[in-house]
1. So, in the range 263-280, how many residues would count as being in a loop (DSSP other than H, G, I, E, B), surrounded by 18 or more Cβ atoms within 10 Å (Cβ to Cβ) and out of contact with any helix residue (DSSP H, G or I) (no Cβ under 7 Å at 6 or more places or on another chain)?
2. When Lys260 is evaluated against the numbered criteria (1) in a loop (DSSP other than H, G, I, E, B); (2) at pLDDT 90 or above, which criterion, by number, is the only one it fails?
3. Looking for something in a strand (DSSP E or B) and either closer than 28 Å to Gly197 by Cβ or among the acidic types (Asp, Glu) (or both) - is there at least one such residue anywhere in the range 98-117?
4. Can you tell me which residue is farthest from Thr207 (Cα to Cα) among those in the range 248-260 that are surrounded by 17 or more Cβ atoms within 10 Å (Cβ to Cβ) and in contact (Cβ under 8 Å) with a residue 40 or more places away in the chain?
5. Do the conditions hold for Val180, that is, is it surrounded by 12 or more Cβ atoms within 10 Å (Cβ to Cβ) and within 16 Å of Phe62 (Cβ to Cβ)?
6. When only residues in the range 71-88 that are modelled with pLDDT of 90 or more and in a loop (DSSP other than H, G, I, E, B) count, which is nearest to Leu285 (Cα to Cα)?
7. Can you pull out every residue in the range 151-169 that is without any contact (Cβ under 8 Å) to a residue 24 or more places away in the chain and part of a helix (DSSP H, G or I)?
Amino acid sequence: MAKHFLYLTNDRLISLVWNRGAITSRESFLAADASSRSAQSHMEKYLGLPTYLITDLVEEDFRLDTIPHLRGSDANAIISRKLGQIYRSSNLRHAVIQGREEEGRRDDKVLYHAVTNTDLIKPWLDLLEKAEVPLVGVYSSPVLSTRLLKALDLQFPHTLLVTVIPDFGLRQTYFRDQQVKFSRITPMVYDEGQSVGGLIAAEIGRTWQYLDSLRYFAGGEALEICILAHARDQPMITDAIRKYPALKYRFLDVEQVSTKIGLKKPPSSSHAEQILVHTYAQTGLPNHFAEPQMRRFAIFRKARIGLFAFTAAVLTVGVAGTAFNFFEASQISNRIDARESVVRNSQSEYQTIFNTMRQQKLASDVARDTSAFYKSQIRPQPAAPGALLSDVSTVMAEFPRVKLLGLTWSVGADERAIPYYTTMPANGALEVTSDLKSASPVVAGGPVNSPGANPNANNAQTANDANAAWPGAKVEFAIIDAAITPFDGDFRATLAEVERFKTRMNAVPGLKTTIESMPLDIRSTASIIATGKRTGVGLAEARFVLKVVRLGQTS
C-alpha cells in the first residue's frame, strides 16, 4: 500500500510517496511555503494516502532521566507530569522507556524529547487540518533512525550515526547499545578556507569531545562513527578526518545501503531522507507527537476502510450463500425432473399392461372349473373340534370307570404324526410299575409308563415340527389323557377295560384310535417291578393315553 511521507527540516519540506519498495514521487517546498497555493494543491492530491510527518529539526531537545519502576496508569501519570514540567511551552512531546538501571532500585530509564519551537511545524499542521489529510502521526527522525542500524545490522556498544540533511546541515545521533541517548544538528556554513569534508570532520570531533565529557566511555572503548554518504563524497571526508584510537570510521555507501534495505532506486546524492523514509515505511510506526485531534482524519479513514472491508466480506458471504442456494436448487430440480421421468415411464408401462389385460378374454368354462377347484381343494377352511369331541363324549358315557383327565386337540396333514401333549399329574403311586430293560428314553413328561409321563414327547415334537398344521389340513387329532378309577390293583381287568374302550372308539365311523400309554407295560422288552407297598384302594389311578384320529373332516 502506498504511503505519503512529509520530511520537515528547518529549511525545507520534502514530500515523498513510497510504494512497494520505491520512492515514486519527490517534491520539495520551502519551510515557509505552508500557506502557498502550490503546497495546498499538493496535499489535496494525496488525500487518499495515509500521511506521516517526519521532523528533523534543530529545535528538538533530548533529555535522559529515571523514574520509579511502575506500570500502567501510574507510570503514564509520572511521565506525563515530567513532560509537562520539562516542556511547558510545547505540546509536541514524547517519552521513550529504555529499560531499567542495573543497580540500586532498578528505576526505569526514560528518554524525553520534544519539538521546542512549534512555530515552524504549526503552519504545516494547520494546512493538513484544513485539507483534511489523513495524518497518521508526527515522528522524530533521530528516534526512528534506530531502525536503520537494525536493518544494517550495526550492533556496537557506542555508535554515532552521521547523516546529511538536505540543503541544511549534518545530523549526528549517538546510540548506546542501540538506544538513542543524544542527537544534534549542525548547520553547514561553508568557509572558503575549509572544505566540506573538513567541516564534517570538525563537527564529528566536537561531538566526540562532548560525549567523552559526559563519561559515556570506559577505558579502551571506542566510538563507531557510521557516516552515510555517496561514493563520490567519501574521499573528501576521508582526507579530512583525523585518526584517533578512540574513533573508528565506517562509511555507509548510499547505493550499498539501498540494496541491503531493499530500496529499488538508490538516491543520487548523500542526502539521507529517501533511505530513512524507506526504512520507516517497512513497518508500522508508533506515534510520537501528534495529538488525537490531529489524527482524527486518519482514524476516520481507517474506520471507513474497516467498514468497506466488512461490507465486502458480508457481500462476499452473501454472494457465496446465494450461489450455493442456486446450486442446491438446481440439484433439487434435477432430482425432481428425474423422478418425474421415472413416474411417467411407470405410468406409461402400467397403462400399456392395463390395456393389454382388458383386451384378453377368459373362457367361462375354465373360470367355473377353476373356481370350483379352488373352493373344494385350495381354499382353507377353519377346523372345529365339535364333531370329534361329540363322538368321544358319546363313547365315554358308556364307560363310567373311565375318568377324563385331559384332552389335546389339533389338526394336521399326516395321520402318523403325534401332536405334542402334556399329561396331568398322577393321583397316588402304583404298587406295581414297569420299565424298559434298556435305558429308558427321557421324554418331556418323564420315562415311559411312569406316572404322569408323556412317553412319546420327543417323537411327537419331531413329527409335529415336520408335519405342522396349516389352514385347510385334512386330519384331526385328539390325545385323550384318562384313568381307570377306582383302581383296586387288578391290572388284568384294568388293561382289558382299556382295550374295550379303544375298540369302542374304533367302532365310531371315521375314527382311528391307538394306545399311546398303558397303566402297565407288559411287553417283553419291559420289566415289572413291585414296590411292596399298598397305597390304599381308591387312592391310585390306572393312567392311560389314547390317540384318536379323524380323517377328512376339516374342509
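The values are calculated or read from the model by the stated rules, or taken from the named source; none is laboratory data. Quick caveat: nothing in here was measured; it's all calculated off a predicted structure. Quick reminder, even Gly has a Cβ in these numbers, built from the backbone with ideal geometry, and neighbours come from all protein chains shown.
1. 1
2. Evaluating Lys260 over (1) in a loop (DSSP other than H, G, I, E, B); (2) at pLDDT 90 or above leaves (1) as the failure.
3. The answer is yes; a qualifying residue exists.
4. Of everything passing the filter in the range 248-260, Val257 is farthest from Thr207 (Cα to Cα).
5. So Val180 fits the description; yes.
6. Here the answer is Tyr87.
7. none
Let's see how each residue does on (1) modelled with pLDDT under 95; (2) in contact with a Ser or Thr (Cβ under 7 Å, 6 or more places away or on another chain):
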site	(1), (2)
Gln98	yes, no
Lys109	yes, yes
Tyr112	no, no
Thr116	yes, yes
Ala131	yes, no
Val164	yes, yes
Phe168	yes, yes
Gln178	yes, yes
